[in-house]
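Visitor: Quick one: structure below, then a few questions.
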Amino acid sequence: MTKRGVVVKQASLQSQTKQTIEDQKFSLHDFEFSNKIVDYASRGQTEQEVDSEVVAVPTCICLNLEDLRCFEAVERQYEQWGVLFNNCIAIQPSNPAFPTHSGLVVLMGARKNESLEATFLRPVHFVSAFVTSSQRLVLSAYGRDRQLLTQTVLPGANLANSECAASPNTLLSVSANEIYRVTFCAFDGQFTIDDFSFCY
């Protein structure tokens, strides 16, 4: 499998606390990254496949979920890219209320009433994903000692073909120094995430 990467421009990312979705009227491509590589990482690919000149540069990774099987538990499939998941499964949504953002596969919580969690093997400074949820959802970022660094909130449901105020696949992001873990929690709701991305 070949690696697809694009070089993009300078970024200004600021840590904010309890940011709401109304504050974030942007898309993933609105960020400008200086000397960064956006790499579309497949689980079958390893970082060793990346050109040595690229490895020396700080990177942004967008996970390619298309190699995952429907209902596969997702835990260590992207470990070589520096992220582990907990309480997470891959699905191909059959409910039109939960459309994908790209491709056919999204991630969702494996058990109701629990948050989907991603832990980074080395700290990152930015995390984002496109989220569709049946109700209010909070994306939280934590430091090394599990201290809360920052949060962003989808204030209500954003299902497709409904009277929701927000559109499906709303981009949520958090930015802070030394993020070691993020959680997505919809408090008894159901949600999907797509195009999970993070920057070192």
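The values are calculated or read from the model by the stated rules, or taken from the named source; none is laboratory data. Computed from a prediction, not measured in an experiment: that's the story for all the values here. Cβ placement follows ideal geometry from the backbone for every residue including glycine, while neighbour counts extend to all protein chains displayed.
Visitor: Just one of Ser167, Ser162, Ser197 is among the polar types (S, T, N, Q) and crowded, with 19+ Cβ neighbours inside 10 Å; which is it? Full working, then the answer.
Guide: Working: Ser167 fails: crowded, with 19+ Cβ neighbours inside 10 Å; Ser162 fails: crowded, with 19+ Cβ neighbours inside 10 Å.
Only one candidate qualifies: Ser197.
Visitor: In addition: Taking the condition of being small (Gly, Ala, Ser), part of a loop (DSSP other than H, G, I, E, B) and surrounded by 15 or more Cβ atoms within 10 Å (Cβ to Cβ), how many residues in the stretch 72-101 meet it?
Guide: Looking only at that region, the number is 2.
Visitor: Okay, next question. Within the stretch 153-166, how many residues are touching a strand residue (DSSP E or B) at 6+ places or on another chain (Cβ under 9 Å) and free of Cβ contacts under 8 Å to residues at least 60 places away in the same chain? Show your work before the answer.
Guide: Initially, the stretch 153-166 is screened for residues touching a strand residue (DSSP E or B) at 6+ places or on another chain (Cβ under 9 Å), giving 153-160, 166.
When the remaining residues are screened for being free of Cβ contacts under 8 Å to residues at least 60 places away in the same chain, the result is 156-158.
Total meeting the criteria: 3.
Visitor: Here's a check for you: in the stretch 154-198, which residue that is touching a helix residue (DSSP H, G or I) at 6+ places or on another chain (Cβ under 8 Å) and at negative phi is modelled with the lowest pLDDT?
Guide: Here the answer is Ala166.
Visitor: Considering only residues that are surrounded by 21 or more Cβ atoms within 10 Å (Cβ to Cβ) and among the hydroxyl-bearing types (Ser, Thr, Tyr), look in the stretch 174-194 and name the one that is farthest from Phe120 (Cα to Cα).
Guide: Thr192
Visitor: Filter the stretch 135-159 down to residues that are within 13 Å of Ala97 (Cβ to Cβ) and surrounded by fewer than 20 Cβ atoms within 10 Å (Cβ to Cβ), then give me how many there are.
Guide: Counting residues in the stretch 135-159 that are within 13 Å of Ala97 (Cβ to Cβ) and surrounded by fewer than 20 Cβ atoms within 10 Å (Cβ to Cβ) gives 1.
Visitor: Tell me, which strands (runs of 3 or more DSSP E) wholly within the stretch 107-200 include 1 or more residues that are over 13 Å from the mean Cα position of the chain (by Cα)?
Guide: 116-133, 137-142, 148-154, 170-185
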